[in-house]
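Participant: Take a look at this one; I'll ask things after.
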């Protein structure tokens, strides 16, 4: 059985083919550029060599195009780059590819979990939505910082700065309105403050440039809201065949539809990749860790892996231990 090791770079890939039954035989090796036509030549050459399995490193995002070109035709593995490190001063592209394939044959690599094509689309959409959510929070902080420059304390008397009442007042400020009494009239009846308190909070010293800057930020906010609404529709359409799973998961206390969609996008509709709950929690990074030295166990407080999975970090952080100790078949997500 023949295996291929692929050292991926932005512009080129180095490929080494090894026959597992004759590992000492002279290796077949070749260099390809990463343009689409050359990747097709790479596939043709690997099939001519009789390659049945290939392994590559998770080098930034450049491995993705190679993966998608080869995926329909052979079994692929994605290795964590750290598990294929070379000694200092002995790094070489073809040597890296050879070391990669030999360590795969010896089962010495830590492999990453790459989901199927449908799940990869889910991940791209839910992660884009998560990033937009973070951008919206960042923008809200910038708006509040600008209001502080204007000496306006709106966030003290309004629980949600970007709620209905808050947005009406912000748009009026952006349009040049500075009269605190007129601004206070835009507040809704549900505000938990008196009119006098609202007038006092809106009595600032704004300059015309502040209104122009606020208008720009509100335009960005509107664009983010539009994009999030569009993504909601796209995610709902993509996950429609698994709507029952989304609804069941959304009923879990502390979760909702958005959280359920993101969890399903990360682990799959049935989480069938993970043989047990223990391996799933290990992959997420929410089970106890163990680093023993001199009969002392040092567990650094670290939730980077859980945080990198977005909603998992939010859902599990309240009761998760720092670090995983199990050895799941796959390392954290790569797509």
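Participant: Against the condition touching a residue at least 40 places away in the same chain (Cβ under 8 Å), crowded, with 18+ Cβ neighbours inside 10 Å and part of a helix (DSSP H, G or I), how does residue 170 come out, does it pass? Steps first, please.
Facilitator: Values: touching a residue at least 40 places away in the same chain (Cβ under 8 Å): yes; crowded, with 18+ Cβ neighbours inside 10 Å: yes; part of a helix (DSSP H, G or I): yes.
When the stated conditions are applied, residue 170 passes them.
Participant: From (1) within 30 Å of residue 240 (Cα to Cα); (2) surrounded by fewer than 20 Cβ atoms within 10 Å (Cβ to Cβ), pick out the condition that doesn't hold for residue 78.
Facilitator: With (1) within 30 Å of residue 240 (Cα to Cα); (2) surrounded by fewer than 20 Cβ atoms within 10 Å (Cβ to Cβ) applied to residue 78, the lone miss is (2).
Participant: Of all residues in the stretch 18-30, how many are without any contact (Cβ under 8 Å) to a residue 60 or more places away in the chain and surrounded by 14 or more Cβ atoms within 10 Å (Cβ to Cβ)? Walk me through how you get there before you give the answer.
Facilitator: Pass one, the stretch 18-30, residues without any contact (Cβ under 8 Å) to a residue 60 or more places away in the chain: 19, 21-22, 24-26, 28, 30.
Narrowing further to those that are surrounded by 14 or more Cβ atoms within 10 Å (Cβ to Cβ): 19, 28, 30.
Qualifying residue count for the region: 3.
Participant: Give 249, 255, 186 a once-over and let me know the one that is touching a residue at least 12 places away in the same chain (Cβ under 8 Å), surrounded by 13 or more Cβ atoms within 10 Å (Cβ to Cβ), within 24 Å of the chain's Cα centre (by Cα) and not in a helix (DSSP H, G or I).
Facilitator: Values: 249 fails: not in a helix (DSSP H, G or I); 186 fails: within 24 Å of the chain's Cα centre (by Cα).
Answer to the check: 255.
Participant: Can you tell me which residue within the stretch 110-143, out of those that are in contact with a helix residue (DSSP H, G or I) (Cβ under 9 Å, 6 or more places away or on another chain) and not in a helix (DSSP H, G or I), is farthest from residue 78 (Cα to Cα)?
Facilitator: Within the stretch 110-143, the match that is farthest from residue 78 (Cα to Cα) is 115.
Participant: Quick one: which strands (runs of 3 or more DSSP E) sit completely within the stretch 1-109 and have at least 1 residues that are under 24 Å from residue 124 (Cβ atoms) and in contact with a helix residue (DSSP H, G or I) (Cβ under 7 Å, 6 or more places away or on another chain)? Don't jump to the end; show me each part of the working.
Facilitator: Values: elements: 2-8, 12-19, 28-33, 51-57, 75-79.
Here the list reads 2-8, 12-19, 51-57, 75-79.
Bear in mind these aren't lab numbers, they're just calculated from the coordinates by the rules spelled out. None of these values were measured; they are calculated from a predicted model. Because the Cβ atoms are built from the backbone with ideal geometry, glycine has one as well, and the counts that use them run over all protein chains shown.
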